[in-house]
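Structure in structure tokens, see below.
The values are calculated or read from the model by the stated rules, or taken from the named source; none is laboratory data. Since we're looking at a predicted model, the values are computed, not measured. Here the Cβ positions follow ideal geometry from the backbone for every residue, glycine too, while neighbour counts run over all protein chains shown. Accessible surface areas use protein heavy atoms only, side chains included; no ligands, DNA or RNA. Shrake-Rupley method; radii C 1.70, N 1.55, O 1.52, S 1.80 Å.
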Amino acid sequence: MKILKEHAPGETGTSPVAAKITAGLDDPGLVFVFPTQISADSWAKASLDFSGRSCVDLDRFLGWDSLLRTLRANPPSPELREADVQSRLLWAYCLIEEEKKNPSLGRLINPSQTPPSGLAWGLASAAPSLFEAAASIRAKVNDGSLPEDQELIQDYEFLAANYDAFLRNHGIYEPARLPWRGDPEKRYLLFCPSLMPGFRPELGSSVPGLSIETWEPGTPGSAAAIGISPSLASFGDGPSVRKPLLLSFSSLRDELDYVFGVCRRLLDQGLPPSELALSLPSLGADLTAHVSRAARSWGLPLQYRGGRALSDSPIGRLLEAVARALGEGFSLRGLKNLFDPGLAAWKEREHCLSLIGIAKRYNIPEFSADPDYTMSLWSKTLGLESGQAESLPSFFQRLRKSCAALSGSRSFAALEIALHAFIDDLLDEKRFQVYGTLTLERIFEELSALKSWEIRLAGKTGALKPFEVLRAMLAHRLYSPADSAQAISVYPYHLGLMSAARLHFVLEASVESSSAAVRLLSRVPQEISPPKDEATLTDVLFDSMDLVKTVFCHAEQSLDGYSIAHPYFFRRSARRMAIETISIPDSPEAVETNAWEELRAPALPAKLPSLSLEAVQGSFKDLKRGLLGSPESRGAQDPRENQRRGGLPPPLFFDAESRLSPVPGPRPALRADRLLRIKAFDAAGLVKLNPRTLGYLALCPFRWFLSGIPGLEAEIADPAILAEGSLMHDMIRFLLEADGSELLPASGPGDSPSYEPPSLSSDRSRSSREEKIKNAFRNALQKTLSRSGYSLRLALESAYPKIQDRIGRILDYEGSLREEGWLRSDFERVLSMELPDLGLALEGRADRVVFRTARIALDADSSMQASDASSPGSPPGEGCLLIDYKRKRCPAKKEFLTDESGRIQDFQINAYAAMLESAGFPVLQAFYWSIEDNKPVAVFGSGKQRPDRASFEPERGALGKALIEASERIREGRFLEIKPSKQACSNCPVRAVCRIHFSAERS
Ligand code: SF4
């Protein structure tokens, strides 16, 4: 991508603001005032460059708020205390509490509804300007610019009077109401005064000793000297009227890719990131998430300069998590938030993890709107676990009590004690990060300030909830995270004005984009319509952004839908350039996706973060050939080589020696023996496989590997459906065991201890069978709930009619088997077969194994675990029948029978049969049986295709071949390969964590 000349960085020193500053730098009495301290600081820093000085007097670069502080006269009495955000917030909460009992407001708070607590901050912010707001509303109503609305006027007058009484009663003064005083030694040059709330042109003449000059961008001859400043009057005019540059895009994604593509190129050419700036309409969560994602993709460092709320600091988020956990009765989500290691270090970390584990295991709801219900689940659940970990229930009780103590504190003093106790008892302060400690100190400072106001207000704070007030306070108190000079600054519009950056992208400049900034800059109460001069204010805002080199951008398809460019660009006859999709560079992620699609390692973008690059490269099977090339060419200049050397391979599967090798060389093989560190793969030194995972390994090894990561697949499945399945299994076992023993004639010595299928359908009336099913359901339900959690009771109970129907069908089928001569059977038979030569152990659990005679069943019970593959030679006609129940669909024939290449896709019955036969029990017939369809699907032993056991030989061969291939793949360390295919991916439960899909879906 070419960087157009239009987008090249500009020169700060040639801007009109620089001219003003340079001309005034030698005058020590001249103070440069900017709308914000951020813009003041950025021009102070830039002036070192363009003035050629080694230092400038920083005190002479002030933001408007700082100037106001220096101009205000002293308070009328030293006993009075200055109002601050804490006192205003307490006033607002007291007012809301009062309104609940005795409504006085008609429009601002609906008298028929409970006032929302969120209103408190709005009232607190409006408090300093309530008098002006009330007067302004009355004036607007009088001059006809606002419709007649007596209630609104009354509301503001009531608020102003109420706040005034609050100030008087408690000896507080509002600094915004103090008169101004000038300093004859100083003169002030105000840049863009229209953007300074409360500025009035007559200030210079109305305040004795105050000398002010103003400068506005965008209008020739705009410099206007107010007061006495003859030297300043000699400054030249404002900037010539320049036409702003507006780039239009079809979508926000295009806009971000284009802008970040340009930034990336400039940084690669050596421009420091601090010379670039971005402005967004506001730093809302959605927009910043999109921007951050795109910047990450381009490897660009960003720093958001809008300040961060203390509630976003680690301890602030922890307090929010406490409130949420209590509000949901410690739901699973609540616990995960609370124990997030990014927030704080917990002393009893194992107990925290155990609680999350128990919540998952017993299906404590992910989210709950009924805390009492969730707490009742916890008391039952922890009762179930009490035998295993005595200290866990006591930890949970301490946690609950500490959280409740925070939330239930009746005063800020009590809250402070409760917060100290919470930290001392549960958190490990020594392991806090510096950042966490600093923000914790800030939070305690806020709490102390609230406490001191509470003392001053002498208990007049009524029924306030201190925890809620503190959280509201933290949500609006900003702090500055540590600055990174090596990052591109991102501002909200109201702070990005007058930036001294050499290239400034103003993003998302749609028709609505300026409203938040204008409202903040004019500090108009929400209820009053936008200021009359909104258009002028917006023009000054955008003009002030266009001082050095600014590129405005607008996308038709924004996050909120279709939008149009701001009318400012029409008013200023902007130069507009539509950027076609074709000229937008592919993001590194998009390039990666293409590389995946083509499975071409060399097409990978070099700009991917090194860890990602490692992971991706490792997944291409032609890595060595494609990227490393031949040994001769390896010394050559592949730019990716350096990155690869710097990146870390996944730690578990590489040996340290080759990882530390400084010489680039062939990638080290994955270590198969380390697979056994993962419990799901370890079968006493052999790699454990089951029919399902064998299928995964054949199709996509990465999917197989992920199937061994604990909880990954289970989390994806619906717990109610899993519990329903295990409940049905329990019921079947219960029914068959109970009825089997009941129906069997008294056993003689040597008879089989195994079960006999019942003949319920023929011998018993339907109603008695239903009664039995109901009893079985009750027993199994109890067992399932104590195993999977009491939260599933409702789901399982409501599934009863469906379960009853399914069980009835199974029992009917069992009856028909008996009539066919299959006598003794076993349910959920655990099978295994060790293959030491292959380094594998095949395991599984067959739903049903049915035997012809009592003797063979007895043998099966005693020697099923034997791994000897030789057949003991069964009597003719003796053997077993294998059934696997499927809730819905049975595998199709083409899945379990060999295809032209001699392969199969479904290994289940085939592997069960192999394991049974390896233990010496010939399998004569095998079926899948669909409960839903109520019919068997013959695998072998009947039907046309595989009428007997011998005809199943091709499939036995296919199983053997698959096991040998699996063994080779594991031994050769090729078990992390990603092999996407329609067949493998269409029902893959780990798509969300698979890089190929992750990558494709995000781009
Ligand atoms: S989504 Fe496809 S490529 Fe990814 S792990 Fe699953 S089967 Fe393999």
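Looking at the range 716-734, is at least one residue modelled with pLDDT under 80, surrounded by fewer than 12 Cβ atoms within 10 Å (Cβ to Cβ) and either among the polar types (S, T, N, Q) or within 16 Å of the ligand (Cβ to nearest atom) (or both)?
yes
Can we say GLY327 is open to solvent by 20 Å² or more (accessible area, probe 1.4 Å), farther than 30 Å from GLU445 by Cβ and not charged (D, E, K, R)?
no
Only one of (1) within 9 Å of the ligand (Cβ to nearest atom); (2) surrounded by 17 or more Cβ atoms within 10 Å (Cβ to Cβ) fails for GLN983. Which number is that?
Only one criterion is unmet by GLN983, namely (2).
Let me ask you something else. Residues in the range 538-558: is at least one more than 34 Å from the chain's Cα centre (by Cα) and modelled with pLDDT under 85?
no
For THR437, only one of the following conditions fails: (1) in contact with a helix residue (DSSP H, G or I) (Cβ under 7 Å, 6 or more places away or on another chain); (2) modelled with pLDDT under 85; (3) of a type in the set (Ser, Thr, Tyr). What is its number?
Status for THR437: all satisfied but (1).
Moving on to the next point. ARG974 - would you say it is of a type in the set (Lys, Arg), modelled with pLDDT of 90 or more and more than 10 Å from the ligand (Cβ to nearest atom)?
Considered against the rule, which asks whether it is of a type in the set (Lys, Arg), modelled with pLDDT of 90 or more and more than 10 Å from the ligand (Cβ to nearest atom), ARG974 comes out as no.
While we're looking at this one, here's another question. Can you pull out the residues in the range 300-316 that are farther than 26 Å from LEU338 by Cα and crowded, with 16+ Cβ neighbours inside 10 Å?
If the condition is that a residue be farther than 26 Å from LEU338 by Cα and crowded, with 16+ Cβ neighbours inside 10 Å, then LEU300, LEU302, GLN303, ARG305, GLY306 are the ones that fit.
With the checklist (1) within 43 Å of the chain's Cα centre (by Cα); (2) without any contact (Cβ under 8 Å) to a residue 40 or more places away in the chain; (3) more than 25 Å from ARG471 (Cβ to Cβ); (4) open to solvent by less than 40 Å² (accessible area, probe 1.4 Å) in hand, flag the one item TYR156 doesn't pass.
The one condition TYR156 does not meet is (2).
Now, a different point. Checking CYS988 against (1) under 18 Å from PHE851 (Cα atoms); (2) within 16 Å of the ligand (Cβ to nearest atom): exactly one of these is not met. Which one?
Single failed check for CYS988: (1).
Could you please give the count of residues in the range 314-371 that are over 22 Å from ALA472 (Cβ atoms), touching a strand residue (DSSP E or B) at 6+ places or on another chain (Cβ under 9 Å) and assigned to a helix (DSSP H, G or I)?
Residues that pass the stated criteria total 1.
Somewhere in the range 128-146, is a residue over 25 Å from PRO76 (Cα atoms), modelled with pLDDT of 85 or more and not in a loop (DSSP other than H, G, I, E, B)?
Start the filter on the range 128-146 by keeping residues that are over 25 Å from PRO76 (Cα atoms), which leaves 136-146.
This time we only want the ones that are modelled with pLDDT of 85 or more, so: none.
No, that holds for no residue.
Go through (1) in contact with a helix residue (DSSP H, G or I) (Cβ under 6 Å, 6 or more places away or on another chain); (2) open to solvent by 60 Å² or more (accessible area, probe 1.4 Å); (3) assigned to a loop (DSSP other than H, G, I, E, B) one by one and return the number of the condition CYS55 breaks.
For CYS55, the failing item is (1).
Here are some conditions: (1) out of contact with any Leu (no Cβ under 7 Å at 6 or more places or on another chain); (2) within 20 Å of ASP884 (Cβ to Cβ). CYS985 meets all but one. Which one does it not meet?
CYS985 satisfies every listed condition except (2).
Sticking with this one: Any residue in the range 940-960 that is touching a residue at least 60 places away in the same chain (Cβ under 8 Å) sitting within a Cβ distance under 6 Å of a residue that is of a type in the set (Ser, Thr, Tyr)? List the pairs, counting only those 6 or more apart or interchain.
Short answer, once both residue conditions are applied: ALA958/THR898.
Looking at the range 564-585 only, could you name the residues that are free of Cβ contacts under 8 Å to residues at least 12 places away in the same chain and of a type in the set (A, V, I, L, M)?
Scanning the range 564-585 gives a single hit, ILE582.
If you take the residues of the range 25-51 that are under 42 Å from the mean Cα position of the chain (by Cα) and β-branched (Val, Ile, Thr), which of them is least open to solvent (accessible area, probe 1.4 Å)?
For the range 25-51, the residue satisfying everything is VAL33.
Take GLY960 and decide whether it is in contact with an Asp or Glu (Cβ under 7 Å, 6 or more places away or on another chain) and away from the ligand (no atom under 16 Å from the Cβ).
So GLY960 does not fit the description; no.
Okay, residues lined up against (1) surrounded by fewer than 16 Cβ atoms within 10 Å (Cβ to Cβ); (2) in contact with a helix residue (DSSP H, G or I) (Cβ under 8 Å, 6 or more places away or on another chain):
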{"position": "LEU399", "(1), (2)": "no, yes"}
{"position": "SER407", "(1), (2)": "no, yes"}
{"position": "ALA413", "(1), (2)": "no, yes"}
{"position": "LEU427", "(1), (2)": "no, no"}
{"position": "ARG431", "(1), (2)": "yes, no"}
{"position": "ILE443", "(1), (2)": "no, yes"}
{"position": "ILE455", "(1), (2)": "yes, no"}
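Can you report the number of residues in the range 752-790 which are modelled with pLDDT under 85, in contact with a Ser or Thr (Cβ under 9 Å, 6 or more places away or on another chain), open to solvent by less than 30 Å² (accessible area, probe 1.4 Å) and of a type in the set (Gly, Ala, Ser)?
4
Of the conditions (1) surrounded by 14 or more Cβ atoms within 10 Å (Cβ to Cβ); (2) touching a Lys or Arg at 6+ places or on another chain (Cβ under 9 Å), ALA73 satisfies every one except a single condition; which number is it?
Result: ALA73 passes all but (1).
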